[in-house]
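First the structure, in the form of structure tokens, and then the observations on it.
The values are calculated or read from the model by the stated rules, or taken from the named source; none is laboratory data. Fair warning: this is a prediction, and the values are worked out from it, not measured in the lab. For neighbour counting, all protein chains shown are included, and Cβ atoms are generated from backbone atoms with ideal geometry for every residue, glycine included.
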Amino acid sequence: MNRSVKVAVIGAGVSGLSAARELQREGHRVVVFEKHHRIGGAWVYDPRTESDPLSVDPNRETIHSSLYLSLRTNLPRPLMGFLDYPFSKEETGDPRTFPGHEEVLRFLDKFADEFGLHSLIRFNTEVVRVEQIDSDWVVESNPRGSASGSQERETFEAVVVCTGHYTTPRLAKIPGIERWPGFQMHSHNYRVPEPFRGQIVVIIGLGPSGFDISREVAPIAKEVHMATKIPHGMDFKLENRDNIFYHTTIKQVYEDGLVTFEDGFSIRANAMIHCTGYRYNFPFLDTNGAVSVEKKWVEPLYKHVFPPALAPSLSFVGLTYLEAIFHVIELQSKWVARVLSGKVHLPTEEEMMISVQKDYQQLEEKGVPMDQTHCLRPFQADYKHWLAAQCGLAPLEEWRENMFAECIKNFFEKKDKFRDQWDDDYWDAIICS
Ligand code: FAD
């Protein structure tokens with residue numbers, strides 16, 4: 001059986017472009033809604049920041065991308081292309097193996113051109129409501145500058161949500177923070193280090209953003225104090241920088257600017273950058289309670305993609321992280337396309353729910369906190385092989401897994417040089433062998 005359905009894809013970032021390509025390839029009729037004027041999503045640098053630097057004011061205008069100006073990829077090119085469309089070096093582009101963000105956007109533009117995706121996309125069109133009526137999905141959108149200026153409603157047989165999950169900040173709970181007088185910002189609104197010149201800055205979190213931002217702010221700040229959950233004894237000190245200090249999490253902050261840490265250290269600081277991650281948020285989606293983002297993950301989802309009660313007509317692509325995410329997105333997209341065409345069958349709703357519960361149990365057994373439900377590690381290899389099998393593909397080559405592991409090792413060993421001390425020749429030989 002090869003059924004063709006009318007599908008709405010929401011978002012034209014990596015996930016939406018990949019979904020559109022795979023759905024089109026499978027013979028479905030695809031409309032992509034994109035609120036921005038171009039493709040690329042998180043990879044479109046926006047120098048603007050939100051009016052509220054902490055992004056808590058519900059009336060603020062939201063900015064989608066969280067890129068800072070100096071951002072370079074934290075994965076090498078071979079892990080940031082698609083399986084059959086590699087992220088190769090171009091004669092005229094950024095020659096680095098871990099290139100700047102502009103190079104990723106150029107690659108996505110090329111990908112979209114190559115597969116004729118632009119013609120499927122309605123730009124400047126924000127989806128404001130998605131709900132199921134009978135067995136169809138009604139998508140309400142708001143085309144910016146439309147002649148009528150009014151919302152449009154259109155019916156689809158399926159919806160694939162590809163709206164990303166690095167836009168709505170998550171903040172740590174800090175006792176006393178409402179009276180702390182210093183300047184606060186979430187990394188979502190960080191672009192350049194200049195506002196922190198001469199300041200004593202506390203940075204919360206040592207994920208990729210916290211790591212990069214601390215290195216960029218330190219040369220012009222007076223001191224940088226990192227509040228982290230890293231295990232005691234792990235050494236992040238840099239040879240050439242002696243004004244970054246590592247502490248445990250923050251215990252309390254006070255009206256006079258004092259910040260105390262659980263390890264007993266305290267400092268009077270001027271500024272605080274919250275590099276504390278993001279939460280899932282689909283403000284347009286009404287599933288009548290079938291999908292929830294109340295907790296810090298999306299539930300229930302079969303294999304991070306299909307909500308059992310609404311499968312296969314509703315799906316999510318790109319929710320997982322800490323992996324070579326372009327590959328995963330591509331496999332998820334292929335799987336969705338094949339399920340919708342009837343080439344691959346999903347288990348029953350009840351069986352999918354049992355699978356979800358088993359996954360939760362597995363997280364508990366491995367001691368993984370539930371808020372990391374969509375973090376693929378340590379289950380990434382099984383997950384990718386399973387997805388590949390659903391798509392009728394052989395398991396992914398082993399070098400991909402080994403390269404990702406090497407990236408993590410390299411990050412801890414080479415610290416801020418991890419992007420520039422990468423053995424291209426060694427990996428080129430492995431890939432070609
Ligand atoms: P997005 O790229 O966020 O795209 C979502 C799209 O949906 C956007 O175009 C948005 O405008 C659109 N949209 C949202 N809501 C609506 C709506 N209601 N109606 C219509 N359109 C809508 N990944 C890596 O692999 N390597 C890296 O080095 C790396 N570095 C990163 C650094 C930072 C600071 C961040 C934030 C992320 C990084 N990532 C990295 C992860 C990155 O998010 C993914 O690579 C990828 O861009 C995710 O794509 P996506 O399509 O799922 O989401």
Residues being without any contact (Cβ under 8 Å) to a residue 24 or more places away in the chain, hydrophobic (A, V, I, L, M, F, W, C) and surrounded by 17 or more Cβ atoms within 10 Å (Cβ to Cβ): count how many of those fall in segment 380-417.
1
Some residue of segment 370-379 being crowded, with 19+ Cβ neighbours inside 10 Å, closer than 24 Å to Leu310 by Cβ and of a type in the set (A, V, I, L, M, F, W, C):
yes
I'm trying to understand the selection: among the residues of segment 21-36, which are part of a helix (DSSP H, G or I) and not charged (D, E, K, R)?
Leu23, Gln24
Segment 153-188, subset among the acidic types (Asp, Glu) and closer than 16 Å to Val9 by Cβ, residue surrounded by the fewest Cβ atoms within 10 Å (Cβ to Cβ):
Glu154
Which residue out of Ala309, Ala290 is outside any loop (DSSP other than H, G, I, E, B) and either out of contact with any helix residue (DSSP H, G or I) (no Cβ under 6 Å at 6 or more places or on another chain) or more than 10 Å from the ligand (Cβ to nearest atom) (or both)?
Ala309
State which residue is surrounded by the fewest Cβ atoms within 10 Å (Cβ to Cβ) when the search covers only segment 58-68 and only residues that are more than 6 Å from the ligand (Cβ to nearest atom) and under 18 Å from the mean Cα position of the chain (by Cα).
Thr62
Taking segment 312-333 on its own, how many of its residues are assigned to a loop (DSSP other than H, G, I, E, B) and either crowded, with 19+ Cβ neighbours inside 10 Å or at pLDDT 95 or above (or both)?
8
Residues in segment 309-319: is at least one among the hydroxyl-bearing types (Ser, Thr, Tyr) and in contact with a strand residue (DSSP E or B) (Cβ under 7 Å, 6 or more places away or on another chain)?
yes
What pairs come out if I take residues in segment 24-52 that are over 15 Å from Val9 (Cα atoms) and within 8 Å of the ligand (Cβ to nearest atom) and pair them with residues that are part of a loop (DSSP other than H, G, I, E, B) and basic (Lys, Arg) whose C-beta lies under 9 Å away, six or more apart or interchain?
Val44/Arg38
Is it fair to say Phe245 is within 21 Å of Pro169 (Cβ to Cβ), modelled with pLDDT under 95 and of a type outside the set (Ser, Thr, Tyr)?
no
Residues Pro175, Pro181, Pro193: which one is in contact (Cβ under 8 Å) with a residue 24 or more places away in the chain and within 16 Å of the ligand (Cβ to nearest atom)?
Pro193
Kindly establish whether Val336 is aliphatic (A, V, I, L, M) and either surrounded by 19 or more Cβ atoms within 10 Å (Cβ to Cβ) or free of Cβ contacts under 8 Å to residues at least 40 places away in the same chain (or both).
yes
I need a count of the residues in segment 339-353 that are in contact (Cβ under 8 Å) with a residue 60 or more places away in the chain and among the aliphatic types (A, V, I, L, M).
1
Looking across segment 69-88 at residues that are more than 14 Å from Leu105 (Cα to Cα) and near the ligand (Cβ under 10 Å from one of its atoms), the single one that is surrounded by the fewest Cβ atoms within 10 Å (Cβ to Cβ) is Asn74
In the set Leu314, Leu301, which member is hydrophobic (A, V, I, L, M, F, W, C) and out of contact with any Ser or Thr (no Cβ under 8 Å at 6 or more places or on another chain)?
Leu301
